[in-house]
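Inspection log for the structure reproduced underneath, given as structure tokens.
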There are 4 protein chains.
Amino acid sequence: MTDNRPHLRVAMIGHSFMGRTHSQAWRSAPRFFNLPLVPEMAVLVGRDAERTQAAAEKLGWAEAATDWRAVLERDDVDLVDICTPGDSHAEIAEAALASGKHVLVEKPLANSVEEAESMAAAARRAREFGARSMVGFTYRRVPALQLAQQLIAEGRIGEIRQVRAQYLQDWLADAEAPLGWRLDKEKAGSGALGDIGAHIVDMTCFLTGQRFAGVSGMLETFVHERPVAESSAGLSGTAGVGRGPVTVDDAALATARLESGATVSLEASRFAWGRKNAMRIELSGTQGAIAFDFEDMNVLEVYDATEPARTAGFRRILATEPEHPYLEAWWPPGHALGYEHGFTHQVVDLVEAIAAGEDPTPSFDDGLHVQRVLDAVERSSLNENRWTQIQTPTS
Amino acid sequence: MTDNRPHLRVAMIGHSFMGRTHSQAWRSAPRFFNLPLVPEMAVLVGRDAERTQAAAEKLGWAEAATDWRAVLERDDVDLVDICTPGDSHAEIAEAALASGKHVLVEKPLANSVEEAESMAAAARRAREFGARSMVGFTYRRVPALQLAQQLIAEGRIGEIRQVRAQYLQDWLADAEAPLGWRLDKEKAGSGALGDIGAHIVDMTCFLTGQRFAGVSGMLETFVHERPVAESSAGLSGTAGVGRGPVTVDDAALATARLESGATVSLEASRFAWGRKNAMRIELSGTQGAIAFDFEDMNVLEVYDATEPARTAGFRRILATEPEHPYLEAWWPPGHALGYEHGFTHQVVDLVEAIAAGEDPTPSFDDGLHVQRVLDAVERSSLNENRWTQIQTPTS
Amino acid sequence: MTDNRPHLRVAMIGHSFMGRTHSQAWRSAPRFFNLPLVPEMAVLVGRDAERTQAAAEKLGWAEAATDWRAVLERDDVDLVDICTPGDSHAEIAEAALASGKHVLVEKPLANSVEEAESMAAAARRAREFGARSMVGFTYRRVPALQLAQQLIAEGRIGEIRQVRAQYLQDWLADAEAPLGWRLDKEKAGSGALGDIGAHIVDMTCFLTGQRFAGVSGMLETFVHERPVAESSAGLSGTAGVGRGPVTVDDAALATARLESGATVSLEASRFAWGRKNAMRIELSGTQGAIAFDFEDMNVLEVYDATEPARTAGFRRILATEPEHPYLEAWWPPGHALGYEHGFTHQVVDLVEAIAAGEDPTPSFDDGLHVQRVLDAVERSSLNENRWTQIQTPTS
Amino acid sequence: MTDNRPHLRVAMIGHSFMGRTHSQAWRSAPRFFNLPLVPEMAVLVGRDAERTQAAAEKLGWAEAATDWRAVLERDDVDLVDICTPGDSHAEIAEAALASGKHVLVEKPLANSVEEAESMAAAARRAREFGARSMVGFTYRRVPALQLAQQLIAEGRIGEIRQVRAQYLQDWLADAEAPLGWRLDKEKAGSGALGDIGAHIVDMTCFLTGQRFAGVSGMLETFVHERPVAESSAGLSGTAGVGRGPVTVDDAALATARLESGATVSLEASRFAWGRKNAMRIELSGTQGAIAFDFEDMNVLEVYDATEPARTAGFRRILATEPEHPYLEAWWPPGHALGYEHGFTHQVVDLVEAIAAGEDPTPSFDDGLHVQRVLDAVERSSLNENRWTQIQTPTS
């Protein structure tokens, strides 16, 4: 029983939180799923040689490297997985695509619409030569949300009229929590808006199959100065020790419409005490509703309005049955999946698309659209919350 | 043991849903609470003599009458309880106050800011002569929400940074649900906005102790025409049978700020399938958070951020202990109160204020402020969602 | 429009917790339901003349009296509502039935099987003469539980295989909570077993339509001595002040079977910190399951196993729709009912049965069966938990 | 930066459900935790050469083998991980210990008390020579339950008075679900009792730090015959195709006491429709309570009775903070762990104990005690549910 499957040699750039998560996904996917290509954790790229070497050993990458441009030149690398902060996404992704590599880039796609447009154009060009690109909105691969998408696509709740989406965390609610790169506009592009707001924008598109038409938005920064942590060294505006300025939003609120006219309320906050990772979305349609909360991530709640009123009610579906997306590969019913499984499923879907010669989703165009929505929220916020159209995606 | 307490003779105008609810409150309050005045259910006023007589017997009012102006002239009436649709509130309330009666008026105070201003002015004038006035935002008297207000006032969650409030129902989500007066702008003033949005606006003010500074709003009507029900006869625009136009909003969304700058997201909808009466509010402060959902109305959830992270979590307080507001008068712990108890507590607080010669809350000024917020939402909605200041209340 | 309905003149004995609750029910029922007989709150009977008079005024009874035997002789009393502690139920109920009165007696029916048998025999004799009798297991009249019974009777969850029932409170978990009559075996018969265990035994019978076949039981008293409260004066074994003995169980556990062989687990405890009135029952059948928790009393959870696994899940039915039992008389969907509504519904069903000349349920025979189950639990507990058959009810 | 840590070479026997789960744990543990020994997935042992080879490749084991006795002889194996059905545990574990290997054996320890006693004795002997043994009750390593244990040990809820434990699944509720080895008494020892009941017995011991003193038990088989699946071939009593007998219990109920006298109610069922893996435990102490449900496995609910009644309530702790057990190695707050993480943590604790020269827990003595409780439940069930003492563990 020889394994004749071709290999897919991966280089990953970045090895902090996202790097650790992606490593677990690359490692686990082939152990549970029958992949058409065998992923090889070939090379880990970081800035510091010693720390990168240590990370490579710890996370299970065959090699360590510090020059990502050199890695892109290598013939023995097929795919580049970009886990760096948003300000370097465009440069690395475009270079990788130009080298003919497949690219997976963490969300948000970029820090600006301009970068995102350039990346999307690069992805379209590379597609001609068979290089695939994907942006890492992994919540699309949570089984309960995948199920939600299927049910909506099947018409189970009819036409969508209203979406309510929140992404609530509390890790900055303590005014003395230290500055980090995520609070620096130059590194991160924006705050809650791009970090977690991006997820609910993408999730709304994914679940409804629609784009946003326009938004009215409001951004707010509650804490304007924070203690500089050692790890914050080098952030713009921080002078060694003491306190430094927060240059991004702490919370973002928006009222929006989809192409169909459906209304959307959006709220992203890192100041919602007690909410640790409450990515919540509820969609009300003409025939029912669907609700999800990531703090109870294996559950999908579905209301079927065609039921007689006497027995109608939100049904709490524990999305851990073999009939549910991705679940056949895992554990028996009721044995929960966790955060990292979305990343594993992302690897599965990406590898399958590459092997099939198809474009994976979410595409860079999808990522560009999210960027446009975030940008419109920001512009509206600076313009008396005024209604701001979202540019139609070029295609 | 003779009862020397003075009586408070009540005339109630209107006997449909709210009339039934208020009747149960007037009947129950003196049975559970030691009131300083003995309420007398003296006279019920309606338009149709026969139906009003039947309602008076059924609901337990001593007399029935059809001419509310005549009732206001009577010396044996001390208080007028106005349960009619919003378009008649101003006229009746002002006349009652002019007659020296105390007035309780159902929410929303009026159908327009102009009417509300006029009523508030009338209330201020009448106060000089000892006539008290109150607007019926009864959710303030739900024990769990009363507890919330106390905890916030005590500083338990610090300064409020963010409010998230929703009021979700689904009774109009069926596009074939019939027209009724609540869908007629002339009768109801607005749709979801004034009917249920008013509650979350008032609740935000009550819990934070603040007024709104401004809003950006959006209104939406999903279903523009509905079958005319028999009971809809006479509504504007309905021509006997067939279908008639919906002239109010089905859903209202807003992003707002309080005087302190705290952000508020508001959503009122009658199209949220599966949500029957989900009046939800969550307040995040500098030191914690509080959350409530009327569908589980005896519960308050409180997060105390001064707890060590290891044992911090939302505490589910079942607000049915004798230590909780109003509860000593009722049942043992865990024996739920229902919707009507808020109305009974409203009677208790109103009667106590009258006996003490104090002004009850929420006042007509409070009602006027709510009206101004609703009006600003509507104007913003017609003006590209633009930020709209709320007029500072005159005092 | 004259009201020609006959009246039903009620005498109530006892005016503490249950007396207050029953008063609210007698008062409210005719205001919301169209009853065939008009209840009259005629006379309240208590031991102390002054306190009874005060209670009658407060609770709304026309007269007060202290000699219950004299009241039973009166021609202007049609029904006797017994709200005294269990040790007096048998004597009063049998005398009332002998006088030809209808009888409603609070649960548990009696403090012993012997008394209960005698009462059930009396009820059977009285039935011949048209006197009706009912035992007050009011949880049968909670809409969500009434709905549960209907769904089970319709076969929605198939044949019942397993019942899990708990009744958890915590009002005695504090070892310094004072002695009261409910801790005195002579007054109360038993502790958690008869007070709250009785409810889950009856609820199991009600929902399954079956009797118990046998049990294995265990009783436990955690705190054997408690401070004597002023109000405990006169309890057996208490010598004025200081501490007195607890002579009843604090918790009761049992494993049982119904006639069909279905298994039942029962647990009643007043020591379950944090559980205030958690009367919970879950029934698993061949085709589904039903679950209920009184701490969320307007909700019924239903699992339909005939659903495809992909979309199956417990459905959270908010039993507040007009389609639900009793609800048409009350408020709009989502507007919760409370604890007292079960008592109001009990009055409705009792009055309707009397008017129709039918025997209401639960009957004294039903109450006797509960008593037999409680007795068997106690005997098993004293006999190494050994399996103990329940005597087949005579009929 | 050379890695000088010694390796721990593992041989795993069995590669179905548990084998897959253990493989993921051996693979993941060193990637997230700093282990003192480096685990090597050396050899996978199965009965069928071809299938074992395929499994080894899929699951990431360096070698495959079919003769477990030969593997025990190898010098290059340090630890044997036994994932076979219970009937082979004793033979393999004792042989492995005799060969000086460390042993991890899946729960339940054995299929009978006799086997378990023999294994515990072997473990005690082997300990002298430095061979460590552990039984795989992995739920002890779920962070929320580990936290529960710590809080109880710290006295947070005082002395335990009552334990309520359930383990509810529904995978056999369909009477046409096929026969498998878990329904065969010879292979599995018992049904729900040993498979899932064992977990709640062990969890009770773990959380309370106590042993069981005695039980009263009841076993039930609802479906006595099932279709023979292909995979059931060879089970005792099955004649090729058609239907075969179920020889184990479908549900187990027990009422028990711990050494301290605390009461325990236990229920294990595979027939609880809608409950997929509801391993639930609630402990009520003198000063509070703790509750857990595996279907929401990242949450621990804690009630602190020393709180004032006004603000007391079950606190919903999301056990995903860095302050929680094992969590520092994983994701940010609110990013859920899943079922498999308990197994990863088990590897971590086992490896650390081996490196430290300490005995890991749960020990074979712990596993033996669980076996004695299961045995007592079974004997009680056959003896009119009579109270059955648990033998004091030899030590």
Report the one residue of B:Tyr339, B:Leu179, B:Ala90 whose Cα lies farthest in the direction of the positive end of the charge dipole of chain B (charges on C-beta: Lys and Arg +1, Asp and Glu -1; origin at the Cα centre). B:Tyr339
Given the protein assembly as shown, what percent of its DSSP beta bridges are antiparallel, to the nearest 5? 60
Compute, for the protein assembly as shown, the length of the dipole vector about the Cα centre, with Cβ point charges of +1 (Lys, Arg) and -1 (Asp, Glu) only. Units Debye, rounded to 20. 0
Could you tell me which of rounded, prolate or oblate describes the protein assembly as shown, using a ≥ b ≥ c as the square roots of the eigenvalues of the alpha-carbon gyration tensor, with rounded for a/c under 1.5 and, failing that, prolate when a/b is larger than b/c and oblate otherwise? oblate
Treat the count of other C-beta atoms within 10 Å as a stand-in for reagent exposure and order C:Phe343, B:Phe129, B:Phe271 from fewest to most. B:Phe129, C:Phe343, B:Phe271
Environment charge at D:Thr208 (Cβ cut-off 14 Å; Lys +1, Arg +1, Asp -1, Glu -1): 0
Proximal lysines to C:Lys187, defined as alpha-carbon separation beneath 16 angstrom and excluding residues fewer than eight positions away on the same chain: C:Lys107
Sorting from shortest, the nanometre distances separating the label point of D:Arg125 (7 Å past Cα along the line to Cβ) from those of the same residue in the other copies are 7.5, 7.7, 10.4
Please give me the summed charge of the neighbours of D:Ala165: other residues whose Cβ is under 13 Å from its Cβ, Lys and Arg +1, Asp and Glu -1. -2
Taking every DSSP bridge whose two residues both lie in chain C, the antiparallel percent to the nearest 5 is 60
Among D:Gly209, D:Gly136, D:Gly244, which one shows the highest mean-square fluctuation when chain D is modelled as a Gaussian network with alpha-carbon springs under 10 Å? D:Gly209
Report, ordered by chain and residue number, the aspartates and glutamates lying within cross-link reach of C:Lys101, taken as a straight Cα distance under 15 Å and ignoring same-chain residues fewer than 8 apart. C:Glu40, C:Glu73, C:Asp75, C:Asp76, C:Asp78, C:Asp81, C:Glu91, C:Glu128, C:Glu358, C:Asp359
Scan chain C for the residue whose Cβ is closest to the axis carrying it onto chain B, then write down that distance in whole angstrom. C:Gly338, 2
Quick one: putting +1 on the C-beta of Lys and Arg, -1 on the C-beta of Asp and Glu, what dipole do you get for chain A around its Cα centre, in Debye to the nearest 20? 440
Tell me which residues come under 5 Å, amide H to amide H, from A:Gly313 once H is placed; ignore anything under 5 positions away on its chain. A:Asp304
Lys and Arg at +1, Asp and Glu at -1: add these up for the other residues within a Cβ distance under 14 Å of C:Glu117 and post the number. -3
Using a 7 Å offset from Cα along the direction of the beta-carbon, what are the separations from A:Arg5 to the same position in each other copy, nm, ascending? 2.8, 7.4, 7.9
If you plug each phi of segment B:166-173 into the Karplus form 6.51 cos²θ - 1.76 cosθ + 1.60 with θ = phi - 60°, what whole-Hz ³J(HN,Hα) values come out, in order, with x for Gly and Pro? 9, 9, 10, 9, 9, 6, 10, 5
Normalised by the number of residues in chain B, what is the relative contact order in percent for Cα pairs under 8 Å and 6+ residues apart? 20
Segment A:95-207 shape via C-alpha gyration tensor axes, a/c threshold 1.5: oblate
Using the count of nearby Cβ atoms within 10 Å as a rough guide to exposure, how do B:Ser118, D:Ser269, C:Ser260 rank from fewest to most? C:Ser260, B:Ser118, D:Ser269
Using a Förster radius of 51 Å, what is the FRET efficiency between C:Arg243 and B:Glu259 based on their Cβ-Cβ separation? Nearest 0.05, please. 0.35
For a quick check: with amide H placed at 1.01 Å from N, whose amide H comes under 5 Å from D:Ala65's, ignoring anything fewer than 5 positions away on the same chain? D:Leu44, D:Val45, D:Gly46
If you count, for every residue in A:333-346, the Cβ atoms of partner chains within 10 Å of its Cβ, what is the mean? 6
Order these by the 10 Å Cβ neighbour count, fewest first: D:Thr221, D:Thr255, D:Thr392. D:Thr392, D:Thr221, D:Thr255
To the nearest 20 debye, segment C:7-139 has a Cα-centred charge dipole, built from +1 on Lys and Arg Cβ and -1 on Asp and Glu Cβ, of 480
With each pseudo-label sitting 7 Å past Cα toward Cβ, what's the A:Thr66-C:Leu382 distance in nm, one decimal? 8.5
Which of A:Phe292, A:His102, A:Gln169, positive extreme of dipole for chain A (C-beta unit charges): A:Phe292
What helices in chain C pass both tests, a Cα length along the helix axis of 20 Å or more and a mean Kyte hydropathy of 0.5 or higher, using whole DSSP H runs? C:341-356
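Each value in this text was obtained by applying a stated rule to the coordinates, not by laboratory testing. Keep in mind that what you see is a predicted model, and the values were worked out from it rather than measured. Positions of Cβ are generated from backbone atoms using ideal geometry, with glycine treated the same way; all protein chains shown enter the neighbour counts.
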